[in-house]
Amino acid sequence: MQILSVVGNRPQFIKSAPLSLALRNRTDEVVLHTGQHYDHELSQVFFDELGLEPPRHRLEAGSGSHAQQTARMLPGIEAAVVEEKPDLVLVYGDTNSTLAGALAASKLRVPVAHVEAGLRSFDRTMPEELNRALVDRVSSILFAPSETAVGNLKDEGITEGVHEVGDVMLDANLRLAPIARERSDALELVGVEAGSYALVTVHREANTMEPALGRIVEALNALEEPVVFPLHPRTAAAIESQGLRLAGHVHPRPPAGYLDFTALASQARVVLTDSGGVQKEAYWYEVPCVTLRENTEWVETVEAGWNRLVGTDPGAIVAAAREATRGPEHPPLYGDGHAADLIADVICTMEHA
């Protein structure tokens with residue numbers, strides 16, 4: 001069986017790792033890297049650190065508007081599908097790479113499998129929300145990470161081909177988090193001690209525009225503890241172009257490789273983020289999370305008391321960060337760490353496999 005896996009950004013590299021291992025020796029997997037994140041620390045480093053096979057196809061989607069980026073990917077993905085003749089195209093999450101991969105495959109009448117199907121923030125102003133909803137509509141197999149995701153699909157009339165399997169990011173987390181804490185010297189390089197700092201990530205387009213980014217920086221500058229701030233390339237450019245200044249206790253850093261980021265996130269006192277994936281990672285590390293958004297697709301982390309939605313109001317961010325505490329309980333969320341095996345079993349028992 002031939003599979004074409006389309007990846008393009010940090011979370012997709014992480015998600016693809018355990019699944020690629022689970023599919024190894026059972027299928028012929030070909031990887032296409034769209035180049036959506038072209039910075040070395042956000043792309044090649046994941047192939048190096050996670051032991052992934054190098055992609056056979058590489059595109060150079062680069063930056064630009066969502067429509068422009070998606071349009072640039074389509075011809076290259078279409079050409080790869082025509083060349084490889086896969087039985088299935090595998091896409092992850094909710095990025096422009098996800099949408100482009102699903103559209104190109106479905107136009108060529110190749111079945112699409114969507115890993116992380118059924119997530120909804122119910123905020124159509126988010127490009128990610130449009131991407132995930134559209135991809136679910138054209139997918140033949142939908143791998144949902146939670147009961148909530150399955151319910152969202154059912155509410156939209158999608159019940160065929162739906163499988164609740166858990167989250168492949170948990171698979172990677174359980175495997176690599178202990179290694180990260182052992183091997184990484186990220187805390188020493190920044191000069192912080194475990195449990196005594198805040199870790200921040202900001203990358204969503206809405207949060208890198210005025211006035212949102214200025215409000216977030218204002219809040220970070222008002223915190224008393226050290227703040228470790230690995231900068232996404234978009235965020236770094238926006239801080240410079242907007243003339244924003246970070247206080248001395250805020251430590252801007254280059255984008256972190258997976259092992260370094262895992263070491264930093266798992267040992268922080270609190271995580272502040274606008275990333276969906278980081279919200280889950282914080283939960284699994286049992287680190288309180290403050291989400292710099294008004295909504296989240298990972299509602300279970302909020303319901304469990306480990307995640308707080310604050311938007312970009314400086315006062316709310318500061319208060320939430322200062323008050324952040326561990327939740328009263330820590331129920332298992334998003335599976336048991338064997339999502340990749342479940343997905344591989346479904347794929348390899350398909351009728352045409």
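Observations on the structure shown:
- The range 142-172, residues that are touching a helix residue (DSSP H, G or I) at 6+ places or on another chain (Cβ under 7 Å) and hydrophobic (A, V, I, L, M, F, W, C): LEU142, PHE143, ALA144, LEU153, ILE158, VAL162, VAL165, VAL168, MET169, LEU170, ALA172
- Filtering the range 299-323 to residues that are under 24 Å from TYR334 (Cα atoms) and part of a helix (DSSP H, G or I) leaves VAL299, GLU300, THR301, VAL302, GLU303.
- Yes/no for ALA304 being in contact with a Lys or Arg (Cβ under 6 Å, 6 or more places away or on another chain) and either modelled with pLDDT of 95 or more or surrounded by 13 or more Cβ atoms within 10 Å (Cβ to Cβ) (or both): no
- In the condition set (1) under 23 Å from THR235 (Cβ atoms); (2) surrounded by fewer than 22 Cβ atoms within 10 Å (Cβ to Cβ); (3) at pLDDT below 90, ARG72 is compliant with all but (3).
- Yes/no for GLU294 being surrounded by fewer than 17 Cβ atoms within 10 Å (Cβ to Cβ), in contact (Cβ under 8 Å) with a residue 12 or more places away in the chain and on the phi > 0 side of the Ramachandran plot: no
- Identity of the residue in the range 142-163, touching a Phe, Trp or Tyr at 6+ places or on another chain (Cβ under 8 Å) and surrounded by fewer than 24 Cβ atoms within 10 Å (Cβ to Cβ), that ends up nearest to ILE347 (Cα to Cα): HIS163
Table: residues versus (1) within 15 Å of the chain's Cα centre (by Cα); (2) under 28 Å from ILE179 (Cβ atoms); (3) among the β-branched types (Val, Ile, Thr); (4) modelled with pLDDT under 95.
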residue	(1), (2), (3), (4)
THR201	yes, yes, yes, no
GLU205	yes, no, no, yes
LEU213	no, no, no, no
LEU223	no, no, no, no
VAL228	no, yes, yes, no
HIS249	no, no, no, no
ARG269	no, yes, no, no
GLY276	yes, yes, no, yes
GLU294	no, no, no, no
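- Options LEU170, LEU153, LEU187: the member that is under 19 Å from PRO18 (Cβ atoms) and part of a helix (DSSP H, G or I): LEU170
- Qualifying positions in the range 107-150 - over 24 Å from SER65 (Cα atoms), free of Cβ contacts under 8 Å to residues at least 24 places away in the same chain and in a loop (DSSP other than H, G, I, E, B): ARG109
- Among the residues of this structure, ARG175 counts as one that is at pLDDT below 95, in a helix (DSSP H, G or I) and basic (Lys, Arg).
- Filtered residues of the range 84-109 (kept if surrounded by fewer than 19 Cβ atoms within 10 Å (Cβ to Cβ) and out of contact with any strand residue (DSSP E or B) (no Cβ under 8 Å at 6 or more places or on another chain)): LYS107, LEU108, ARG109
- Output for the range 326-353, where each listed residue is at pLDDT 95 or above and of a type in the set (Ser, Thr, Tyr): TYR334
- For the range 101-133, residues that are under 19 Å from PHE13 (Cα atoms) and of a type in the set (Asp, Glu) total 2.
The values are calculated or read from the model by the stated rules, or taken from the named source; none is laboratory data. Worth saying up front: this structure is predicted, and the values here are computed from it rather than measured. We place every Cβ from the backbone using ideal geometry, glycine too, and count neighbours over all the protein chains shown.
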